[in-house]
Every structure is written in C-alpha cells, then in structure tokens.
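Everything below concerns the one structure shown next.
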Amino acid sequence: MNVLVVGGWGREHALAWKLAQSARVQKVFVAPGNGGTARDSRLENLPITDLNALTEWAQAQRIGLTVVGPEAPLALGLVDLLRSKGLRVFGPTQAAAQLESSKAFSKAFMQRHGIPTARHQTFSQADAAHAHIDAHGAPLVVKADGLAAGKGVVVANTLAEAHAAVDFMLGDTAGLQHNAGGARVVIEDFLEGEEASFIVLCDGRNVLPLATSQDHKRLLSGDLGPNTGGMGAYSPAPVVTPEVHARAMREIILPTVRGMEKDGIPFTGFLYAGLMIDASGHPKTLEFNCRLGDPETQPILMRLKSDLLEVLLAATEPGPHGRLDQVELQWDRRTALGVVVAAQGYPQAPRRGDPVEGLPPDADDARVFHAGTLLDADGRLLSSGGRILCVTALADNVRQAQQRAYDLLAGIRIDGMQYRRDIGHRATRH
Ligand code: AMP
Ligand code: GLY
C-alpha cells in the first residue's frame, strides 16, 4: 500500500518514518516533506501543497491511506475533500477541526457539554473587552479566535498587557487569520498548575489514548521568553499519574468525543487536549488541537512498538465508525526525549538558508527528526524554517534520555542555532 503524509515538519517526519516501518507499506509520500524526508530512501517528497491538486494526485495514485499532520489543511477541509473522492484518510473533517480552529467554538462546546476549562467570555467589540478586563483584573489570558500560529495567546500578568493584546487581536493590522464573522477574542481566567499534552486517536466513537507527553512552550531555558510551537518534549509525562489519566479520560476526552457525536460532527483523527493539572491532580482543558503535537509526536512515536499503519487502518475502517476498540497499543517502557533546535530569530523572524551540519547517525535509540530543512540542488542540507530539527533519544529514564539527546546535539552546527538546555526539567523533579 502507498501512504500519503501531508505536512513537512518534525511531526510529519516522525509519522512518515514510523509508517514506513510497516510491512504492508510500499512507499510513504510526504507532501511537501523536508530535507530529512528527502534523504530517506523509503520516503518520497511530493511538492504539492494545493489541496485540490493533492486530492487529484492521491486519487490517481490510489493512495491507500492519507494522514494529515498540521491544522491548516484540516481547517481548510482536506479530509472532507479526500473522503468525497472515496479516499481513506485519518483526520477530522473541517467541521470537527473547529475544536482547534475556533477558540469560540471550542469554549462554547466545552461549556455546553460540561467539560472542565477556564471560565471565559468572547468579544468582538474592543470597548466591551476592555471593560471586562478592568472589571476582572489581572492575571488573565487573551486568545485570538482563529488559527494564529502561536501568536494568538497572551498570558497577561498586568492590565496593560491584556489591553494591548485586545488592541492587537481586534485591530486590522494584526495579521491574524480571522474566522467567518470577523475578529473575535476570548478572554479567560488564568489557570495555575502543570501542563501536559493528552493525545488520543478517535474513530468517530472509540478512543485510544497515546502515551502521555509534555511539551516546553517557552523559547528559553527556565520557561522564560515568548511562547513557541514547542521547544522540546518527552514521553511519558510523570505529572499524568494513573489517577490524572483516568480523570482526563472520564471528565474531558470521553465527554468531548461523545459530545461531538451527539452534535452531529463525530471526531475522527488525533485529538489533543492541552491540560492544566492543578496541585490536587484535577485536570482542566486549556485548548484542543485536532492533530498530533509537534514536537510531542517525535518522542511518542519513538516509543510506539505497534504497527502504526495497522492502527490507522483500524481507525478508518469503512462504516459508521472504526474499530479502535479492538486495538491495543504496545509501548517501549523507556523514556523518549526530544530537544528542538531552532533558527536564529525564532519565533519572530527566523533566519533561513544556513547549512545544517554535524548530524549524528540514526540509531535504534537516537534519531534526528527534521522540520525546517531542505536539500538544495547540490544535495546540501539547509535550514528553511523556525524549528529546524528535533534530536530525540530513548533511554531507561528521563535523565539518561536527556543526557543522550544533548550529547547527540553537541556535534550539530547551524549558524545562530538556539535550543533550550533544560528539556525534561519537570520530569526530573518528579
Ligand atoms: P493555547 O494555545 O490555548 O494552549 O495557549 C498557549 C499557552 O498559553 C498554553 O500552553 C499555556 O501555557 C498558556 N495558557 C493558555 N490558556 C491559559 C490559561 N487559561 N491559564 C494559564 N495559562 C494558559
Ligand atoms: N507542541 C504543541 C503543539 O503542537 O501545539
């Protein structure tokens, strides 16, 4: 069977790498892919980004399964498009992807179905938003309604920061992608606790949790600096104890999947709940993503022993829903940890075009997943995006995985590269 992975970041490199290990897979196409997927002989990059053209190509090539990595093509309805041509695809429809693409939709959904989350209000008028901020007081969190590639959330510790965030997000110079109906902001209570990424597979009815993980959102060591797409991750996440896991399933994931089914928009694909877990082990939902996390996917898939193709085929079995209820995932008991290497200037203005050198050879317990890289006409590997690599290692415990990842990273040379020195710090404290 030929398989298509849509996207070209680290998450898609890891997905394609893992799918290529399946005995039934002949070739994995990655659209558009990156320098890492270009170098792997079992993978083939496909330079198509237009969604109609991609659908036509998949139809002509009789692609047996498509997996859509990033949120943007999901929010644009790629899954609906592929399905309308009778193609098998793992991912949410455009309607279901609103759980991520519209904060207003997901907050209203959570309220309607009693799913624990921060209290919130939605505004389209700046005056009303400013008045709410003054009445509420700081700290609070201001979120743009549409997909905003990491620029859409401001955790405001002062009233001035909150007011500025509203002006930015409701102003017409914001450069954010607004949803139908124009610019809106969600203002919500600040939640305290420790974050974790809780990612499950859904087939429209059944739910199969992946191994737990935790990301590091801030740019700089010590959780300082601006928010990013994620600077490193590891799996498992000790903060998700068996009790927290059971609670997250019972109070958040299952009501969400049942609620979507009840609302007539069954969720298929990876569902990612960003959790805030308070000191007493009570999880609340910070956000939903309708896809795998990046970089959480890289350590998670390093630990997955099951055949991912077989799992996704079970999830996309034709019929009213798949048969994920008959699947059990096998995990490597070790810890996997990935450190992101980012470009100079990331996240605001990443520099591109720098040679990427000194990559360590891949091994069973160590692997460099590419994100913003490309191979130029001379076969040289160059940086081409904000997050360039995710150096991922597997070891008996988090300290050893951390040690191994940083040892591998030590040989990598990219002009101006930045990375955090403390990936895994929360887990080593547990
Ligand atoms: P989001 O894109 O909604 O996950 O927000 C990005 C980041 O902002 C999260 O990973 C949290 O670190 C932080 N954040 C979002 N909402 C809240 C909240 N209500 N309370 C505290 N921190 C938050
Ligand atoms: N690493 C966070 C995300 O993928 O949204």
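The values are calculated or read from the model by the stated rules, or taken from the named source; none is laboratory data. Keep in mind that this is a model prediction, so the values were computed, not measured. With ideal geometry, Cβ positions are generated from the backbone for all residues, glycine too; neighbour counts draw on all protein chains shown. Calculation scope for accessible area: heavy atoms of the full protein, side chains included, ligands and nucleic acids excluded. Shrake-Rupley method; radii C 1.70, N 1.55, O 1.52, S 1.80 Å.
General observations
- Near pairs, Cβ below 8 angstrom, 6+ apart or cross-chain, from region 343-361 (on the phi > 0 side of the Ramachandran plot and touching a residue at least 12 places away in the same chain (Cβ under 8 Å)) to any residue that is open to solvent by 60 Å² or more (accessible area, probe 1.4 Å) and not in a loop (DSSP other than H, G, I, E, B): G358/R413
- Lone unmet requirement of (1) more than 16 Å from ligand 2 (Cβ to nearest atom); (2) within 26 Å of F90 (Cβ to Cβ) for L286: (1)
- Residue match in region 240-255 (condition: of a type outside the set (G, A, S) and within 16 Å of ligand 2 (Cβ to nearest atom)): yes
- Single residue of region 251-284 satisfying the filter (open to solvent by 50 Å² or more (accessible area, probe 1.4 Å) and of a type in the set (D, E)) that is farthest from ligand 1 (Cβ to nearest atom): E261
- Restricting attention to region 226-239, the residues being open to solvent by 20 Å² or more (accessible area, probe 1.4 Å) and either away from ligand 2 (no atom under 13 Å from the Cβ) or among the small types (G, A, S) (or both) number 4.
- Residues of region 181-211 satisfying the condition of being within 16 Å of ligand 1 (Cβ to nearest atom) and of a type in the set (V, I, T): V185, V186, I187, I199
- Counting only helices (runs of 4 or more DSSP H) that sit completely within region 50-89, those holding 2 or more residues that are open to solvent by less than 10 Å² (accessible area, probe 1.4 Å) and under 24 Å from A20 (Cβ atoms) correspond to 51-60, 78-84.
- For V186, the requirement of being among the β-branched types (V, I, T) and either farther than 21 Å from K143 by Cβ or within 13 Å of ligand 2 (Cβ to nearest atom) (or both) is not met.
- Identity of the residue in region 105-161, of a type in the set (D, E, K, R), within 30 Å of L254 (Cβ to Cβ) and part of a loop (DSSP other than H, G, I, E, B), that ends up farthest from ligand 2 (Cβ to nearest atom): R119
- Condition check for P47: open to solvent by 20 Å² or more (accessible area, probe 1.4 Å), within 19 Å of the chain's Cα centre (by Cα) and farther than 24 Å from L271 by Cβ: no
- Residues (in contact with a helix residue (DSSP H, G or I) (Cβ under 8 Å, 6 or more places away or on another chain), within 16 Å of ligand 1 (Cβ to nearest atom) and either open to solvent by 60 Å² or more (accessible area, probe 1.4 Å) or not in a loop (DSSP other than H, G, I, E, B) (or both)) located in region 285-324: T285, E287, F288, N289
- Residues in region 256-283 that are more than 16 Å from ligand 2 (Cβ to nearest atom) and under 26 Å from L313 (Cβ atoms): T256, V257, R258, M260, E261, G264, I265, P266, F267, T268.
- Odd one out for E12 among (1) modelled with pLDDT of 95 or more; (2) touching a helix residue (DSSP H, G or I) at 6+ places or on another chain (Cβ under 6 Å); (3) crowded, with 18+ Cβ neighbours inside 10 Å: (2)
Residue by residue, here is whether (1) open to solvent by less than 20 Å² (accessible area, probe 1.4 Å); (2) in contact with a Ser or Thr (Cβ under 9 Å, 6 or more places away or on another chain) holds:
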site: R351; (1), (2): no, yes
site: P360; (1), (2): no, no
site: D364; (1), (2): no, no
site: I388; (1), (2): yes, yes
site: D415; (1), (2): no, yes
site: G424; (1), (2): yes, yes
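- Taken over region 213-225, the criterion of being in contact (Cβ under 8 Å) with a residue 24 or more places away in the chain and away from ligand 2 (no atom under 14 Å from the Cβ) is satisfied by L220, S221, G222.
- Criterion violated by A16 - all others in (1) touching a Leu at 6+ places or on another chain (Cβ under 6 Å); (2) hydrophobic (A, V, I, L, M, F, W, C); (3) touching a residue at least 40 places away in the same chain (Cβ under 8 Å) satisfied: (3)
- Which listed residue is farther than 19 Å from L292 by Cα and at pLDDT 95 or above, from L99, L81: L81
- Filtering region 325-338 for residues that are part of a loop (DSSP other than H, G, I, E, B), out of contact with any helix residue (DSSP H, G or I) (no Cβ under 6 Å at 6 or more places or on another chain), within 16 Å of ligand 2 (Cβ to nearest atom) and not hydroxyl-bearing (S, T, Y) leaves an empty set.
- Among the conditions (1) closer than 17 Å to P209 by Cα; (2) under 21 Å from the mean Cα position of the chain (by Cα), the only one that P347 does not satisfy is (1).
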